[in-house]
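What follows draws every value from the coordinates through simple rules; no lab data is involved. Owing to the predicted nature of the structure, the values given are computational and were not obtained by experimental measurement. As a convention, Cβ positions derive from the backbone with ideal geometry for all residues, glycine included, and neighbour counts pool all protein chains shown.
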Amino acid sequence: MLPVIENDKPWVLVGFYQSLVKPLGAVGLILGMISIFGYLFGIEALYRPMANGPATNPLTAICMIFIGLGLLSTLNKKNQKLQYLLGIVVIVITVANISDFIFNSNVSTLLTPFYSQVLLDQELGKTNGLGINSALMFLGLGFSLTLYHFKKLIAAQLIAFITLAIPMISITGYAYGLDEFYGKMSLLTASTGVAFSIATLALTANIGAVKAILSPYIGGRIARLQTICGYAIPSILGYLLVKSLNSAGIDSFGLYVVTICWFIILMVSISAIFQERVDIERRKGEQLLSIAAMSDNLTGLANRRKFLDFGQEAIERIKRTHKQVWILMIDIDYFKRINDTAGHAMGDKVLVAVSQTLKESIRIVDLVSRMGGEEFSIILIDADIKGVELVAEKIRSNVGNMQVEGWTNLHGAINISIGCGLNDGSQTLDETLKDADGALYQAKNSGRNQVCFARK
């Protein structure tokens, strides 16, 4: 049987990226638990990684734990309901916090564990709160997980991409020394947010912009290079320039750098999508041309060229495995009578019917080819003589029982002769082909409609 020619390169990066979901989820979960342990045992360094810097609020730590658990459960179908519920809980927590920010209420304080420690920190002038940037980040992560649960994959990917910008802005703020960029978001929270956003994007790595960027083809390679350069170069130049600017211009310049970086990444992602679509059409065209070059136009079977390539590969393989390959040469008996009696259209109809029967009579690992005219060949992989006898007789019987409207109902059954040749690795393909041809000639001379084996 002619296998479908697959031109696609392995999408290694997609698989690798998706494999990061659980590790990144586990890292975020652990960091969230460390923060909670810090509050539980009074170890400030565990939830405030930078002295006098922003702290990871207990409510933030709970969101980290829930999102981490949600990511760990996404790839397990039994736990998908848990993922959905955790996403909803995070959405509720963050909406409550955002409502407090907008309406100056205190709903989120009722949900905050270790609130006495939070108040103590605030009284000492230390930053400890679930800031609006952290709330928006976890809101986006919660929505992305929920949309993923409902199979809204493109929407989940888009929200995860937008969400990634929030912790990246905070990381930029820490790198540039811009307090306004990270606000109440601790370095621990920002780092976890980056890990969670990347993991959430990885859930949908097999579709959309992420798939296009991770493509093994030219469009993907260009997109990855553009993404790295588009973020790294402006960030490095920005850092160097920030150090030389006066304080009045630092904030605006930092904002400019972040905006440029994300604009570049957005444009690269969009261009990667269109590039991948164009490249898919090109690959489809190449695949069709490859199939056409290796197949028979009338029957769709492998042609002689494919037969020779497949046979040579099979012989090279049995030289290593010390097994056997058999070649069956098949000829339709009295085929010329069909063309002369009912015309070439009927002859073509019979050829197609025989081809279909041959394909249905062999294993998927074997190959049936049309060698030309009414002659066919079959390569049987790793078969012994008893198995070949059974297969050959089965093929002969199946063809004999075939019904071809307009011929078999008027003129009787269609019969075939089969010659079988063995290759154990000590012969060339041409030699085995000659053996099978000789056996076919013997079958023809012995009355046709039979199977003969080459003599050794």
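Across every pair of different alpha-carbon atoms, what Kirkwood hydrodynamic radius in Å does the chain reach? Spell out each step's value before the answer.
On the way: mean 1/r = 0.0364 Å⁻¹.
About 27.5 Å, per the Kirkwood formula over Cα pairs.
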- Query: What whole number of Å gives the distance from the Cα centroid of region 103-181 to the Cα centroid of region 12-62?
  - Reply: 13 Å
- Item | Under the Karplus curve 6.51 cos²θ - 1.76 cosθ + 1.60, θ = phi - 60°, whole-Hz ³J(HN,Hα) for region 310-316, x wherever Gly or Pro sits | 5, x, 5, 4, 5, 5, 4
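Among 326-334, 144-152, how do they line up by average Cβ neighbours within 10 Å per residue, starting with the highest?
Per-residue Cβ counts within 10 Å, averaged per peptide and sorted highest first, yield 326-334, 144-152.
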- Between M371 and residues 5 or more places away or on another chain, the pairs with built amide H atoms under 5 Å apart involve F376, S377
- Message: Pairs of alpha-carbon atoms within less than 8 angstrom and 6+ residues apart define the contacts here; what relative contact order does region 304-453 have, in percent?
- Response: 33 percent
- Gain upon complete extension [Q312, E375; 0.36 nm per residue less C-alpha separation]: 20.7 nm
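Return an integer: the convex hull volume of the alpha-carbon atoms of region 84-239, in Å³ per residue.
Values: hull volume 18.2 nm³, N = 156.
Hull volume normalised by residue count: 116 Å³.
For a protection proxy built on the mean count of beta-carbon atoms within 10 angstrom, sort 297-304, 363-370 highest first, please.
Details: 297-304: 17.4, 363-370: 20.0.
Highest to lowest by the protection proxy: 363-370, 297-304.
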- Task: Counting helices only, and only those DSSP H runs with n ≥ 4, report the 222 nm mean residue ellipticity of the chain as the sum of -39,500 (n - 2.57) divided by its residues, in deg cm²/dmol to the nearest 500.
- Result: -22000 deg cm²/dmol
- Karplus-derived 3J(HN,Hα) from phi for region 349-360 (6.51 cos²θ - 1.76 cosθ + 1.60, θ = phi - 60°), whole Hz, x at Gly and Pro, runs 5, 5, 4, 5, 5, 5, 4, 5, 5, 4, 4, 6
- Could you name the lysines in cross-link range of K22, using Cα to Cα under 20 Å and dropping any fewer than eight places away on the same chain? K77, K78, K81, K151, K211
- Based only on Cα atoms, what Rg/Rh ratio does region 304-453 have, Rh being taken as Kirkwood's radius? 0.98
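Full-extension gain between L40 and K394, please, as 0.36 nm times their residue separation minus the C-alpha to C-alpha distance. Before the final figure, lay out each step's value.
Working: separation 354, 0.36 × 354 = 127.44 nm, distance 7.58 nm.
Working it through step by step, the gained length comes to 119.9 nm.
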- Message: Please list, in order along region 175-192, the HN-Hα scalar couplings obtained from phi with the Karplus expression 6.51 cos²θ - 1.76 cosθ + 1.60 (θ = phi - 60°), rounded to whole Hz, x for Gly and Pro.
- Response: 5, 8, x, 9, 4, 5, 6, 10, x, 8, 7, 6, 4, 5, 5, 4, 5, 5
- Task: Evaluate the distance, in nm, between pseudo-label points positioned 7 Å from the Cα of D279 and of E405 along their respective Cα→Cβ axes.
- Result: 4.7 nm
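In region 156-209, how does Rg compare with the Kirkwood Rh, expressed as the Rg/Rh ratio over alpha carbon atoms? Show your work: numbers first, answer last.
Values: Rg = 12.1 Å, Rh = 11.4 Å.
Rg/Rh for region 156-209 comes to 1.05.
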- Query: Taking amide H positions as placed 1.01 Å from N in the peptide plane, with prolines and chain starts having none, which residues 5 or more places from Q324, or on another chain, fall under 5 Å of its amide H?
  - Reply: D382, A383
